[in-house]
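The values are calculated or read from the model by the stated rules, or taken from the named source; none is laboratory data. In this text the structure is predicted, and so the values were computed from the model without any measurement. Neighbour counts are summed over all protein chains in view; Cβ atoms, including those assigned to glycine, are modelled from backbone coordinates with ideal geometry. Just so you know, the surface numbers come from the protein's heavy atoms only, side chains and all, with ligands and any DNA or RNA stripped out. Shrake-Rupley method; radii C 1.70, N 1.55, O 1.52, S 1.80 Å.
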Amino acid sequence: MLVIGKNPIYELLAKDPTEFSKIIILKKLDPDKKFKEIVKTATEHNIHVMFLNKFQFEKYFQTKSKEEGVSQGIIAFIKDFEYVPLKQVIEKNKDEKFPVVLLLDEITDPHNFGAIIRSAVCLDAKAIVIPRHNSAEVNHTVIKTSAGSVQHIDICRETNLYNSITYLKDNGYWVVGTDVNSGKNIYNVDFKMKTALVVGSEGKGMRKNITDACDILAKIPMSGKLDSLNVSVSTGIILGEILRQKLIK
C-alpha cells in the first residue's frame, strides 16, 4: 500500500518500521529535519531508501494530480492495512469503564474518513467500525489526512453494520445515533456508559434500518445560518462532549 507525505510516513515509521518495504524521496538541496529523521530511522532498520529526480519520482507518484494528494516529495510502500475483528475490539476493551466505539454508516469521502480517524484518536475512541461496502477504506489519502493516526486506533471492517450494532448491544453497549431531526441534543445525553456512536453519511445521514436500531437519537444544537456541519466536524464535537463527560469526576 502507498503512503504519501512526511508526517504520515514519520508517524508510521516510528510505530512499526517492519511495515515498510521502501521509501522514495524527491531529491532536494536542503531536506528538513523530519526528512533526515525518516532517512536515519529507515537506514537503521535496513529499509531501502531511493533518492530520485522529479522525472523519476513521478513514475511512482504523479504530483500534479489533486485527487492523489500532495506528496511533499516523499512516498513509501508498506504492507496492506490490517483491519481488526469487532469481537477482538470488544474483548480488548471489556475492562474499560466507558469505552466508545465509533460506527460510520457509509462515509465514502476518504478525506472525511481520515479527519474522523484523527479526531477519534485525539478524543479517546477505542475503535472505528466501517461497512465492507459503500464506504471509504484505509488508503494513502486516508492515512495522510489522518496524519498517520490510523496506527493508533483499531479499525474494523464488517460485512453488516446492523449486525455489528446488534453485537455491540449484546455486549452492553448503548447505541447513540446522530440525527439532525432529533428533539434531543447531545448535551442532554448521559454518555457515562459503554457507547456505540453511529455517524451517518455525508449526504443522506444514517440509513433507516440503522436509525431504527439506535437506542438514542441526538443532534448538535445549532443557532447559525446553516443547519448542518461537515461530518468530520460534527463527529469531533460529539466525541469531545463524550470525553468531557468521562473526565468529570
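Below are the figures for this structure:
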{"item": "Long-range HN-HN contacts of Ile128 with modeled amide H, under 5 Å", "result": "Leu102, Asp154, Ile155, Cys156"}
{"item": "Simple Cβ-charge dipole of the chain, Lys/Arg +1 and Asp/Glu -1, about Cα centre, in debye nearest 20", "result": "540"}
{"item": "Share antiparallel - DSSP beta bridges, segment 1-132, percent rounded to 5", "result": "50"}
{"item": "Built amide H within the under 5 Å cut-off of Ala196, gap 5+", "result": "Val101, Trp174, Val175, Val176"}
{"item": "Rounded to 5, the percent of DSSP beta bridges in the chain classed as antiparallel", "result": "25"}
{"item": "Under 19 Å from the Cα of Lys59 - aspartates and glutamates, other chains or at least 8 residues apart", "result": "Glu67, Glu68"}
{"item": "Fraction in percent of alpha-carbon pairs per bin - 10 Å, segment 160-205", "result": "23, 50, 27, 0"}
{"item": "Residue-normalised accessible area of the chain, expressed per residue, 1.4 Å probe, Å²", "result": "53"}
{"item": "Residue-wise HN-Hα coupling along segment 87-93, computed from phi with Karplus coefficients 6.51, -1.76, 1.60 (Hz; x: Gly, Pro)", "result": "4, 5, 4, 5, 5, 4, 10"}
{"item": "Share antiparallel - DSSP beta bridges, segment 141-249, percent rounded to 5", "result": "10"}
{"item": "Accessible surface of segment 61-197 [probe 1.4 Å, protein heavy atoms]: carbon and sulfur percent", "result": "45"}
{"item": "Greater than 30 Å apart at Cα, pairs in Lys22/Lys87; Lys87/Lys208; Lys97/Lys219; Lys15/Lys92; Lys94/Lys219; Lys6/Lys219", "result": "Lys22/Lys87; Lys6/Lys219"}
{"item": "Residue order for Asp95, Asp124, Asp154, Asp212 - accessible surface, 1.4 angstrom probe, largest first", "result": "Asp95, Asp212, Asp124, Asp154"}
{"item": "Derived scalar couplings ³J(HN,Hα) [segment 202-216; Karplus, 6.51 cos²θ - 1.76 cosθ + 1.60; whole Hz; x for Gly, Pro]", "result": "4, x, 9, x, 6, 5, 4, 5, 6, 4, 5, 7, 6, 7, 9"}
{"item": "Computed [θ] at 222 nm, helices only, for the chain once each DSSP H run of length n ≥ 4 contributes -39500 (n - 2.57)", "result": "-10500 deg cm²/dmol"}
